Structures are given as C-alpha cells and as structure tokens.
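Accompanying notes for the structure given below.
What follows is calculated from the coordinates using simple rules that are stated; it is not laboratory data. This one's a predicted model, so the numbers in the text were calculated from it and none came from an experiment. So basically every Cβ, Gly included, is an ideal-geometry build from the backbone, and we count neighbours across all protein chains shown.
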Amino acid sequence: ANQALNYPKGYIISDIVPKVENAMRYMKNFGVTPDKIDLDDAVDELEKLHDESRSSFTMSEMKAFLRYFVKAYKHYEDSKAHNADTDFTDILLMFVEKFRGAKIPYVLVDEMQDMNEIEAQIVNKIHENLFLVGDAKQAIFGFQGGSTKNFQKFSQSCKPMLLSTNRRSTQEISDYAKKQFLSRTSQRLLHEKELENFNSLTTGEKPKIFSTRAPHAKILS
C-alpha cells in the first residue's frame, strides 16, 4: 500500500486501510463486486465528480488511488476464493443468486431503515406476507448501505401505519425532540405529517440542554 500512497506505513494501516475496507463493504452491500466495475466508466465519473479546487488531492492522484482501490478490492475477493472463504455479504449474495425455495408465509423485519439493497432483495424474494417496522428518522447507517429508499419502495406494496405514541419519554422530551428534528431536517414536509400527533403517555420537567467544553466534569457535577 505504501507504494501507492505517499503516507507513512503506520498511518496507512491505522487510517487508510479501515476506510478502504468500509468502502469495499459499502459497495458490496449493493452487489457491486470487482468484476462489475468498469474502470474506464469509473474514471469518467470521477472526472465529473472530483473538484480539484475544493480538494487537497489532484485529479491524477484520485485516478491513481481509484486504480489501486479496484486492484485491492479484486485482491481481497481473489484471496477469499483461493482460501474458500466467505464474508457475510458473500452469504447474502449467494442467497439472492441461488434461492429457489418456497416463500415464507409471514416475514417480520425490524429496524428496516438499516436494510441495505441486498437485504431488501432477500425480503422481496422470500415473503408471502410482510410486516416491517422502522423509522426513517433513524437512518444513520448509510455507510453500511442502509437507506430511506426502502420506505418508498415497500410503501408501494405495504399499507403504511404510524406508531405515534412514545412510551419511552415524557411529552416535554418528545416535544423538544420533534422541534429540534423538524428545524434541522432537509425533508421537513416528509416528516411533519407523521409527527403531527406525536404524543407521550407521561409528562415531566422541561429538558435542560448543557453546552460545555468539559463534558466529563459536567457529568460528574
């Protein structure tokens, strides 16, 4: 790796390698394996997307890293094939490719906002009746392929139902969370309706917000 990148080996191992690994895992969650990557097309897209004026990396450096990334991704997949190894995403991809069994009468999916593209394909393949539970406002695992697109996709075939009663927090906390979320989201209109009747079963004190540069000391006090 240090032949491809002009960084100390320690930094490459501690910082670069984990990011490359996450990038490979992210792509694979969408079924993009090295054999499906057209390097010329990828370079064309890179030229459209990369803005040298807003980056510390030149276009030539980005192209060089792209080539090494694809090479590293291919090496990873080839090394597993050589040792007859599989990772978790391999198992999902094999299931999508080979599943020919009878559909399962009832399928329940929890935390559906964390489903990636392959997992959504599996759910579609195996169910006769489907029940999904999730919260698009908690879709924070985009780096693993999780997406709010699944809400749009499954709402076409499933009847949407809102769980509008919060049994965990007081009304004051729910009101504050609702106000904060709606003031910061870029999809306010999408979420306003579902939060219109967002109620809690209990009441309590108004939330207190602390801002501090010494969080541990503040917690102790």
Helix 117-126 axis, angle to the chain major axis (alpha carbon atoms, nearest 10°):
70
Points 7 angstrom from Cα along the Cβ direction at S60 and I126: gap in nanometres?
5.1
Between the range 149-221 and the range 87-102, how far is it from one alpha carbon centroid to the other, in angstrom?
36
Quick check: the angle from helix 88-98's long axis to the longest principal axis of the chain, C-alpha only, nearest 10 degrees?
90
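Could you give the length gained by full extension between D15 and T33, i.e. 0.36 nm per residue of separation minus their alpha carbon distance, to one decimal place? Numbers along the way, then the final one.
Details: separation 18, 0.36 × 18 = 6.48 nm, distance 2.30 nm.
Length gained, D15 through T33: 4.2 nm.
Quick one: grab the alpha carbon gyration tensor of the range 163-209, order the square roots of its eigenvalues as a ≥ b ≥ c, and give me rounded if a/c is under 1.5, else prolate or oblate depending on whether a/b is larger than b/c. Show your work: numbers first, answer last.
Numbers: a/c = 3.32, a/b = 1.41, b/c = 2.34.
In terms of gyration-tensor shape, oblate.
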What's the extension gain from R188 to S155 if we count 0.36 nm per residue and subtract their Cα-Cα distance?
10.0 nm
Students often get this wrong, so check it: of K80/K149; K103/K193; K19/K71; K103/K159; K193/K218, which have C-alpha atoms separated by over 26 Å?
K80/K149; K103/K193; K193/K218
For the chain, find the longest principal axis of its Cα atoms and tell me its angle to the long axis of helix 39-49, 0 to 90°, nearest 10.
50
Among (1) -0.68, -0.99, -1.28; (2) -0.86, -1.11, -1.23; (3) -0.71, -1.08, -1.45, which is the computed log10 I(q)/I(0) by the Debye sum over Cα atoms at q = 0.11, 0.14, 0.17 Å⁻¹?
(2)
Could you name the aspartates and glutamates whose alpha carbon sits less than 20 Å from that of K137, not counting residues in the same chain fewer than 8 places away?
D110, E111, D114, E117, E119, E172, D175, E192, E194, E196
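Between E45 and K98, what FRET efficiency comes out of the Förster formula 1/(1 + (r/R0)^6) with R0 = 25 Å and r the beta carbon distance, rounded to 0.05?
On the way: r = 31 Å, r/R0 = 1.25.
Efficiency for this residue pair is about 0.20.
So, by mean Cβ neighbours within 10 angstrom, what's the order for 208-214, 87-93 with the highest one leading? Display every interim value, and only then the final one.
On the way: 208-214: 7.3, 87-93: 15.3.
Highest mean packing first, the order is 87-93, 208-214.
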Near the amide H of D135, under 5 Å away, which other amide H atoms are found, from residues 5 or more places off or on another chain, if H is placed in the peptide plane?
M112, Q113
